[in-house]
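Colleague: The structure follows.
The values are calculated or read from the model by the stated rules, or taken from the named source; none is laboratory data. Model, not experiment: these values are computed from the prediction. Because the Cβ atoms are built from the backbone with ideal geometry, glycine has one as well, and the counts that use them run over all protein chains shown. Accessible surface areas use protein heavy atoms only, side chains included; no ligands, DNA or RNA. Shrake-Rupley method; radii C 1.70, N 1.55, O 1.52, S 1.80 Å.
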Amino acid sequence: VGLFVIPRDYVRLLRRLGPALERRIEFRNESQHDEINQWREQIKRAYPVGVLADEVEIQFLHYASREEAEAKWNRRAARINWNKLRVKMSWHHDLQIESLLREFDQMPFDAKVILAPSAVGGARNCIPMRDFSTDGTQQYWRAHKVFDVAAFIDHGALRRWTWARPLDWLLYWRY
């Protein structure tokens, strides 16, 4: 969707998702995270940085302006179907990642999944992926090889083996 949230902020957001989404998104010129500011300088892109509830940053990487980012954010937030909410978190290079993944796993969401390069102790909703990538597009396609993505999206079910698994391997082998 052209944006990202670093793991620490994502967990903060999920702790109070409903109230955070009811508030108006604000914008900053710089991130509160030094590593994000350094990366923005490296890639030479001054994309909009949104802030929810005075603490959670949304990095609108593929948006040209604050106005565009705000309009898309508000439209998507208004379309959330709370009865079919699915949440996903992925492993990233962060010193706190395992504790963040375990906290995510304990959150009161009915349908949640963690994608990681290996099992995370204490996280029962974790799907280990041998060919794990932090790239979201690659993650999506590669996930088809280890669990039933459609069942998760449609029903919130984490099915690691299905009758369609051989077909998934055939269709997604190159990812």
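Colleague: With +1 on the Cβ of every Lys and Arg and -1 on the Cβ of every Asp and Glu, and nothing else charged, how large is the dipole of the stretch 1-151 about its Cα centre, in debye rounded to the nearest 20?
Modeller: 560
Colleague: A follow-up question, please. Can you work out ³J(HN,Hα) from phi for every residue in the stretch 112-128, in order, using Karplus 6.51 cos²θ - 1.76 cosθ + 1.60 and θ = phi - 60°, giving whole Hz and x for Gly and Pro?
Modeller: Running phi through 6.51 cos²θ - 1.76 cosθ + 1.60 with θ = phi - 60° gives 9, 9, 10, 10, 8, x, 8, 4, 10, x, x, 10, 7, 9, 8, 10, x Hz.
Colleague: Tell me, what % of the accessible area of the stretch 14-105 is carbon and sulfur with a 1.4 angstrom probe?
Modeller: Summing carbon and sulfur atoms, their accessible area is 46 percent of the total for the stretch 14-105.
Colleague: Here's another thing I want to ask about it. Antiparallel as a % of all DSSP beta bridges within the chain, to the nearest 5?
Modeller: 55
Colleague: Counting heavy atoms of the protein chains only and a 1.4 Å probe, report the per residue accessible area for the chain as a whole number of Å².
Modeller: 60
Colleague: Report the far tail of the P(r) of the stretch 83-143, meaning the percent of Cα-Cα pairs longer than 18 Å.
Modeller: 31
Colleague: Still on this structure: Please list HIS93, HIS144 from largest to smallest accessible area, probe radius 1.4 Å, with all protein chains kept in place.
Modeller: From most exposed to least exposed: HIS93, HIS144.
Colleague: Around ASP94, with a cut-off of 12 angstrom between Cβ atoms, what is the net charge of the other residues, counting Lys and Arg +1 and Asp and Glu -1?
Modeller: -2
Colleague: So what's the gap between the Cα centers of the stretch 62-119 and the stretch 18-42, to the nearest angstrom?
Modeller: 15
Colleague: Answer rounded, prolate or oblate for the chain, using the Cα gyration tensor with square roots of eigenvalues a ≥ b ≥ c: rounded when a/c is under 1.5, else prolate when a/b is larger than b/c, else oblate.
Modeller: prolate
Colleague: With point charges of +1 on the Cβ of Lys and Arg and -1 on the Cβ of Asp and Glu, referenced to the Cα centre of the chain, which listed residue (ALA20, ASN125, HIS144) lies farthest in the positive direction of the dipole?
Modeller: HIS144
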